[in-house]
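Worksheet for the structure shown next.
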C-alpha cells in the first residue's frame with residue numbers, strides 16, 4: 001500500500017494544530033487527544049508543574065505499543081537548556097486511510113527536511129519560513145498569501161500551501177508615552193515615522209524586517225530582552241517593540257498599548273513541488289480540501 005509521509009513538529013502548538021485538523025477530517029479524535037494529552041503531561045513534567053516517581057524510560061515504555069503499527073510512537077529529545085532533562089516527544093503515527101497510509105513523522109525542523117527533499121509535505125511555523133527564505137523588500141509583507149511571491153525559486157522548491165488557523169499575531173506594542181510622541185495610530189506608518197530603539201526577540205529579526213519593510217525600519221535600532229526578562233517588560237522599558245500576542249492581557253499588565261497586528265504566526269502546510277505524487281496530493285486535499293476554503297490562491 002502507498003504511504004504518504006508528512007514531516008511534523010515533535011511538540012508544541014504546531015503539532016497540536018496538525019493533530020486537531022487531522023482528527024476533524026478523519027474522525028481520529030480519541031487518537032489525537034491521546035497524543036496531545038501525553039505531550040502536554042510530559043511538558044508539565046519538564047517544567048516541574050507535575051511530578052512522578054517513574055523515570056523517563058519507564059514512561060516511554062508505557063507509551064509504546066510495538067504490537068500495533070498504527071499506535072503513536074514517541075522518542076527522547078535532549079533539551080539543551082541548562083539543567084533541563086531529556087523530554088519525551090512525538091516520533092511517528094500511521095493512519096490507514098482509503099487506499100493509502102498516512103504517516104506523520106516527527107522532525108525537529110520540518111521545513112528544513114522539506115528543503116533537503118526528505119519529504120514532499122510537512123507542517124511548520126510560518127515564522128520559520130520568513131526567517132529562512134523570504135526575501136526582504138521595501139514594501140511590508142502583510143499576510144500568508146504574499147509569502148510565496150517572496151521566495152526565490154532558485155533558493156528552494158518549498159512553498160506554503162495553507163495555514164491551519166491556529167493564529168497568534170506578531171503585534172506592534174508601545175507605551176502610551178511613545179505613542180503620544182507622534183499622536184498617530186500605532187501601525188506601520190507609525191514605525192516609518194519613528195526613530196530610535198525597538199525591542200524584538202532576536203530570533204525574529206529578519207521576520208520583523210520583512211513584515212515592516214526595509215524602508216520603515218530605517219533609523220531604527222533593534223534591541224533584545226536580556227536573559228530572564230519578560231519580553232513585554234523589555235518592550236515597556238524600550239518604549240516600542242514587536243511581540244507575539246493572543247489576547248494582549250500580559251502586554252496590558254506592563255502598561256503597553258496594542259497596535260497593528262503585523263503578521264499571523266500560525267502552522268502552515270508546506271509542499272516541495274519537486275517531490276509531489278498522487279498520494280501527497282490526496283494528503284493535501286485531506287488537510288486543506290476545497291470544502292475548507294483554506295488553500296492559498298497563489299499556490
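The values are calculated or read from the model by the stated rules, or taken from the named source; none is laboratory data. The structure displayed is predicted, hence computed values, not measured ones. Using ideal geometry, Cβ is built from the backbone for each residue, glycine included, and neighbour counts are taken over all protein chains shown.
For residue 158, the stated conditions hold: it is in contact with a helix residue (DSSP H, G or I) (Cβ under 8 Å, 6 or more places away or on another chain), under 30 Å from residue 117 (Cα atoms) and in the same structural domain as residue 119 (by TED's automatic domain parsing).
Can residue 250 be described as under 22 Å from the mean Cα position of the chain (by Cα) and over 23 Å from residue 128 (Cβ atoms)? Yes; evaluated as a whole, the condition is true for this residue.
For the stretch 131-151, indicate whether the set of residues that are more than 30 Å from residue 187 (Cα to Cα) and touching a residue at least 12 places away in the same chain (Cβ under 8 Å) is non-empty. Before the answer, list the steps.
In the first step, residues of the stretch 131-151 are kept if they are more than 30 Å from residue 187 (Cα to Cα); the result is none.
No, the stretch 131-151 contains no residue that is more than 30 Å from residue 187 (Cα to Cα) and touching a residue at least 12 places away in the same chain (Cβ under 8 Å).
If only residues of the stretch 230-244 that are in contact with a helix residue (DSSP H, G or I) (Cβ under 6 Å, 6 or more places away or on another chain) and closer than 24 Å to residue 166 by Cβ are counted, the one that is surrounded by the most Cβ atoms within 10 Å (Cβ to Cβ) is 241. Within the stretch 91-99, is even one residue closer than 21 Å to residue 287 by Cα, in contact with a strand residue (DSSP E or B) (Cβ under 8 Å, 6 or more places away or on another chain), assigned to a loop (DSSP other than H, G, I, E, B) and in contact (Cβ under 8 Å) with a residue 60 or more places away in the chain? No, that holds for no residue.
For residue 285, are the conditions met, namely being over 24 Å from residue 109 (Cβ atoms), surrounded by fewer than 16 Cβ atoms within 10 Å (Cβ to Cβ) and modelled with pLDDT of 85 or more? In short, yes.
Of 21, 10, 78, 59, all but one fail to be in contact (Cβ under 8 Å) with a residue 12 or more places away in the chain and surrounded by fewer than 20 Cβ atoms within 10 Å (Cβ to Cβ); the exception is 59. Please indicate, with yes or no, whether at least one residue in the stretch 190-197 is out of contact with any helix residue (DSSP H, G or I) (no Cβ under 6 Å at 6 or more places or on another chain), under 20 Å from residue 263 (Cβ atoms) and in contact (Cβ under 8 Å) with a residue 60 or more places away in the chain. Within the stretch 190-197 (the criterion being out of contact with any helix residue (DSSP H, G or I) (no Cβ under 6 Å at 6 or more places or on another chain), under 20 Å from residue 263 (Cβ atoms) and in contact (Cβ under 8 Å) with a residue 60 or more places away in the chain), the answer is yes, since at least one residue qualifies. Of all the listed residues (178, 171, 167), the sole one being closer than 22 Å to residue 251 by Cα, touching a residue at least 12 places away in the same chain (Cβ under 8 Å) and surrounded by fewer than 18 Cβ atoms within 10 Å (Cβ to Cβ) is 167. From the list 297, 279, the lone residue that is at pLDDT below 90, within 30 Å of residue 192 (Cβ to Cβ) and outside the structural domain of residue 230 (by TED's automatic domain parsing) is 297.
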